[in-house]
Every structure is written in structure tokens, then in C-alpha cells.
Amino acid sequence: MQAPSLLQAQSYSAWGRVLEMVIADCWPASWCIIRGISLPMSIRCHLLNLSIVTALPLALIAWHFPYATDDPVRREDAIREFYELSYSGSSPTVVKDTELNRERETVRERLDIRGRVARFVELYGLQGASVLDVGSGRGQLQDVVADYTGLDIAAEVAKHYHKRFVAGTATAMPFADDTFDAAWSIWVLEHIPNPEAALSEIRRVVKPGGLLYLLPAWDVPPWAAQGYEARPYRDLSVVGKLVKATIPLRKSEAYWIATAVPNRLLRSLAGSPTQLHYRRLEPNYSEYWQADSDAVNDLDEMEVAMWFESRGDTCLNCLPGWWRYLQRDMPLVIRLKKGPGRDVSPS
Ligand SMILES: C[S@@+](CC[C@H](N)C(=O)[O-])C[C@H]1O[C@@H](n2cnc3c(N)ncnc32)[C@H](O)[C@@H]1O
């Protein structure tokens, strides 16, 4: 006969009993068997173990699900003001002297954005095409093609252009349907509170058969706004320290696969045309700790590719078959196939 354990001999509150069951009786299941507990208890232990083992990943997947969709109201005043002030040099935003911010300065050169866009132009023979640059900033790409139009929400940047520049928002563009042969947009969609409206507008103003090159910052992490990655532990509250401690795990490839891939599978079950789903982020307009502290969205590239494909367009650089579920950190090259019944809004 088995002697009652010391724990069992004591009296417990309900929570104490549950805790004991989880820690002592049921984790791991073998512990129950060693203790010679009867079969029904052992089954109960297995079930409990199973539920703990499955509940955690399911909770993580649910936490990472892109629940947000466009808001019927366009809220762009804050982002417009933020960029107008940044470009005028009178921004109250404090850009922190962090290593991640210092690295940011060289990222553009390292990624060779101009070279990449130039190769896109060359590959698809767009040298003579009329091209729209959505969220064109200071117009770094205005000489990549001859027939260039820059569009940016911040009118302040107009002084940097020797090519055509139009001040306006990507979500309600001041251009007629089918105006351009191609469009590109670099590091912009993650700053637009209603990104689906911007995609619809890009589709509207580019001709059928036209090409898009979209490179937002995909997968902006939720800790960017408060700079948890950039700041030292000593600067952070207890909660901040805990968040920071989780970042290496949350940045790992395994974590991304465990959370993004199941959500991509779930989203690929959505009807056609799909509604764009993303995760909304709280931007930090007062302190800039690291790249994308000011981002308002966390966008997934397969979600964006599916958005176009569900309207009949083609992703020219998406990986084939199941491999696309693993594709990340790449620009999307889309060929539009607009036509009757194609350019529809999601129901
Ligand atoms: C991170 S900057 C990138 C600028 C430029 N594409 C580049 O690569 O240098 C983001 C740009 O998007 C612009 N922007 C933000 N929201 C916008 C909107 N709704 N419509 C048009 N431009 C927008 C900002 O003014 C800013 O110039």
C-alpha cells in the first residue's frame, strides 16, 4: 500500500489542491504512475498533460492571429503631423541614441533599396514606364525611371523633388483609374492605419497588367514602440524586463514558424476576395527607440499576397506550393489582372 504523501495529508484551499494536482500529481504523467495511482487518475493526468501541452501553442497562435481589419474612419492626422514635423526638422520626437538606431542609418545602404528597385525596373523592362512611388519620402528613387511620380502624405518633402510630386494620402489618391504602368512602395504600408484602403487605391490607379513592387517592413514587432529591444534592462519596469527577456525567443525562427505558419494556414482558408487582416500596433510618436517605433501595423507578406491573388492578380516572386508558408522578409512583386468582376471589395 502506498503511504499518503505529505502534501495529501495536509488540508488545502481549492486553488492549493488544483496546484498540487498539476505540479505533484499530473506533471509529468509518469509521476502519477510511479505513485501507483489508479488507472482513472492516470488517464486524468494524461488528459491534463495533453491539454497543457496543446493549450500553450494554441494560446500563442491565437495571440498572434491578425484580428485587425481597416477602420471605416480614416485616422491619418497623427501620422501626417509626425512626418511633416520630421521632414521639417522641427519634430518634438526624441530620437534616442541607441545601437539599434545607429544601425538603422546603415540599413538602407546595406539593403541597397535603390539597386533592388533598379533591378526590378530592368527585369520587367519598365525603363519607359510611368511609375508611381507611394509614400515616396524625400524622393530617393525619383531617378530610377524617367516618368516618375512621387506621392507622400507629407507636403514638406516637395522641396526634394525635381520630378513630379503630389502631396496626398495613399488611401485616397488624387489620380484617375488606370493611370500608371507600375507602382512601388518602400517602408510605407506599416505606417498606414488603413493599409487595405491603400492596397485598393494602388490597384485602382495602376493599369491592368501593371506591376507592383511592395516592400513594407513586414512583421514589425510589438516591442518596437517602447524600444524594449534597444533599452538596457536597468531602464525598464518589471513588466518591461519580462518583455525584454522574452525577445530572443520571440525573434527566433522556431517561434516565427510556430506562430506565423499556423495563422497563414488559417488565413488561407478565408473566402475570396479576402479582407486584409493584420495586427494593429500602438505607435510611439514621442520617443524613437529603434526602427519602426512609429509603425501602426504588423503586416504579413503572405496575407498581402493572398489579398492580391484572391482578386485574380499574380504574385510573381512567391515561392511555389507549401514553401510559400515559409516565405518571409521579401518584397512582393505583383502583376495586376484587373477586369470585370476582378477588382471587387471584400464582402
Ligand atoms: C519610412 S518613410 C519611407 C519613405 C520612402 N519610401 C523611403 O524609402 O525612403 C514612410 C513614408 O510614408 C509616408 N506616408 C505615411 N503615411 C502615408 C499615407 N497614408 N500616404 C502617403 N504617404 C504616407 C511618410 O510621410 C513617409 O515619407
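When both residues are 6+ apart or on different chains and their Cβ atoms are under 8 Å apart, which pairs have a first residue that lies in the range 195-210 and is of a type in the set (A, V, I, L, M), and a second that is assigned to a helix (DSSP H, G or I) and surrounded by 19 or more Cβ atoms within 10 Å (Cβ to Cβ)?
Listed by first residue and then by second, the contacts come to 198/189; 199/189; 199/304; 199/307; 199/308.
Looking at the range 60-174, what strands (runs of 3 or more DSSP E) fall wholly within it and have at least 1 residues that are more than 9 Å from the ligand (Cβ to nearest atom) and among the basic types (Lys, Arg)?
164-167
Where residues in the range 175-191 are within 20 Å of residue 145 (Cα to Cα) and not in a loop (DSSP other than H, G, I, E, B), which of them is farthest from the ligand (Cβ to nearest atom)?
Only one residue tops the list, namely 181.
Filter the range 202-229 down to the residues that are of a type in the set (D, E, K, R) and surrounded by fewer than 21 Cβ atoms within 10 Å (Cβ to Cβ), then identify the one that is nearest to the ligand (Cβ to nearest atom).
The extreme case among them is 204.
Are any residues in the range 230-250 assigned to a helix (DSSP H, G or I) and not aliphatic (A, V, I, L, M), and if so, which ones?
Within the range 230-250, 233, 234, 235, 240, 241, 244, 246, 248, 250 meet the criteria.
Got a number for residues in the range 145-167 being surrounded by fewer than 20 Cβ atoms within 10 Å (Cβ to Cβ) and closer than 14 Å to residue 180 by Cβ?
5
Could you list, in sequence order, the residues of the range 286-322 that are under 18 Å from the mean Cα position of the chain (by Cα) and polar (S, T, N, Q)?
Hits for the range 286-322 are 290, 293, 297.
Go through the range 90-119 residue by residue and tally those that are within 24 Å of residue 199 (Cα to Cα), among the hydrophobic types (A, V, I, L, M, F, W, C) and either over 23 Å from the mean Cα position of the chain (by Cα) or not assigned by TED's automatic domain parsing to the domain that holds residue 158 (or both).
Within the range 90-119, residues that are within 24 Å of residue 199 (Cα to Cα), among the hydrophobic types (A, V, I, L, M, F, W, C) and either over 23 Å from the mean Cα position of the chain (by Cα) or not assigned by TED's automatic domain parsing to the domain that holds residue 158 (or both) number 1.
The values are calculated or read from the model by the stated rules, or taken from the named source; none is laboratory data. This structure is a prediction, so every number in the text was calculated from the model and none was measured. Neighbour counts run over all protein chains shown; Cβ positions are idealised from the backbone, glycine included.
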